[in-house]
Amino acid sequence: MRILITGATGLIGTQLTEYCIDDGIKVNYLTTSREKIENRPNYKGFYWNPENGEIDIEAFTDVTAIINLVGATISKRWTNSYKKTILESRTKTANLLFNTLKGMDHTISQFISASGVSVYPDHPTKLYDEENEEVSNTFLGEVVVAWEAAADQFETLGMRVAKIRTGVVFSEKEGAFQKIKEPIEKGFGAPLGSGEQWISWVHLQDIASLYIHVLKSGLEGVYNAVAPNPVTNKNLTFKIASTLGKNIWLPNVPGWVLKIMLGEMATLVLESQLVSSKKIEDTGYSFMFVNVNYAVKKLM
């Protein structure tokens, strides 16, 4: 099997590529950096420039599935221009793939797209599953709706389409977990806002493995990619501190302070999404990291 991955050099893409190659799945990948192009039998890079509508169609040769992970980070201040970048990095790229494939013969039967649990509205207690039709009225809610619509158009090409609504990815390398851990290590950790907001998280190894499960099982539709046991911001803060042997002595950081510091981006740390993993588990996927205690110990 040979697949095409966009965003293959990012956090999730790097782990996924490693797992694919270990599993005997050959990987083509698209990159906007010619310096990142490699050419090995099981790992081949191809250039694209979505801004200019450029793509090397050789990237699709012998490919049977696309895993679309590309998207600008949301952990950068949301100016109006950067919000446009966040949205278009997810929609323009999918549209370029779609319009290119629409005009050529190809062997691709499956399209798997990243998405986000931020589509679900902020709520302190409601458990969201994939049948929920409510949409968050935030910028990220708008992004996910457009992102998933861009993925859905591949169904018109006769492909099975799966959308993976990813929670907060915990990794020992980079990302949200490290940003939460850093101030605690320095002795300045504190719960954010009320501290009662739910974090629906997933370990990096699980999200990469889950993509392979969806690929091999030929799944289609929407799936939440979150660990079975979400955690509140307060509990996570104290669990990390305990593991590090640190005390949490500062009071909670008020929500209004975070809004002044981060602007609209404060929704990333203040909103609460309690999200169910049952649907993907019912397809036979077993999480390696089920509870946050084990995950935190392994991530240190």
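Values for this structure:
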read-out: Matching residues in the stretch 146-155 - criterion: being within 18 Å of His106 (Cα to Cα) and touching a helix residue (DSSP H, G or I) at 6+ places or on another chain (Cβ under 8 Å); value: Ala151, Gln153, Phe154
read-out: Members of the stretch 245-285 that are more than 20 Å from the chain's Cα centre (by Cα), surrounded by 12 or more Cβ atoms within 10 Å (Cβ to Cβ), within 16 Å of Ala190 (Cα to Cα) and of a type in the set (Gly, Ala, Ser); value: Gly255
read-out: Identity of the residue in the stretch 146-201, part of a loop (DSSP other than H, G, I, E, B), of a type in the set (S, T, N, Q) and touching a Gly at 6+ places or on another chain (Cβ under 8 Å), that ends up modelled with the highest pLDDT; value: Ser200
read-out: Test: residue in the stretch 229-244 that is under 17 Å from the mean Cα position of the chain (by Cα) and surrounded by 15 or more Cβ atoms within 10 Å (Cβ to Cβ); value: yes
read-out: Pair list, Cβ < 8 Å and 6+ apart or interchain, from the stretch 92-113 residues that are within 13 Å of Asp56 (Cα to Cα) to residues that are of a type in the set (Ser, Thr, Tyr) and not in a loop (DSSP other than H, G, I, E, B); value: Leu97/Thr6
read-out: Answer residue from the stretch 22-44, given it is part of a strand (DSSP E or B) and free of Cβ contacts under 8 Å to residues at least 24 places away in the same chain and is surrounded by the most Cβ atoms within 10 Å (Cβ to Cβ) among those; value: Thr31
read-out: Lone qualifier among Leu210, Leu219 - being within 30 Å of Ile25 (Cα to Cα), part of a loop (DSSP other than H, G, I, E, B) and touching a residue at least 12 places away in the same chain (Cβ under 8 Å); value: Leu219
read-out: Looking only at the stretch 111-145, and only at residues there that are out of contact with any helix residue (DSSP H, G or I) (no Cβ under 7 Å at 6 or more places or on another chain) and in a strand (DSSP E or B), the one that is nearest to Ile74 (Cα to Cα); value: Ala114
read-out: Any hit, the stretch 142-153, residues being touching a Leu at 6+ places or on another chain (Cβ under 7 Å), over 26 Å from Lys83 (Cβ atoms) and of a type outside the set (Phe, Trp, Tyr); value: no
read-out: Index of the failed condition, Glu35 passing every other in (1) in contact with a Lys or Arg (Cβ under 9 Å, 6 or more places away or on another chain); (2) farther than 20 Å from Ser109 by Cα; value: (1)
read-out: First in the stretch 238-264 and more than 13 Å from Lys297 (Cα to Cα), second anywhere and of a type in the set (Phe, Trp, Tyr) and surrounded by 14 or more Cβ atoms within 10 Å (Cβ to Cβ), Cβ under 7 Å, 6 or more apart; value: Ile248/Phe238; Gly263/Trp78; Glu264/Trp78; Glu264/Phe139
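The values are calculated or read from the model by the stated rules, or taken from the named source; none is laboratory data. Small disclaimer: the values here were computed from a predicted structure and weren't measured. No Cβ is skipped: glycine too gets one built from the backbone with ideal geometry, and neighbour counts run over all protein chains shown.
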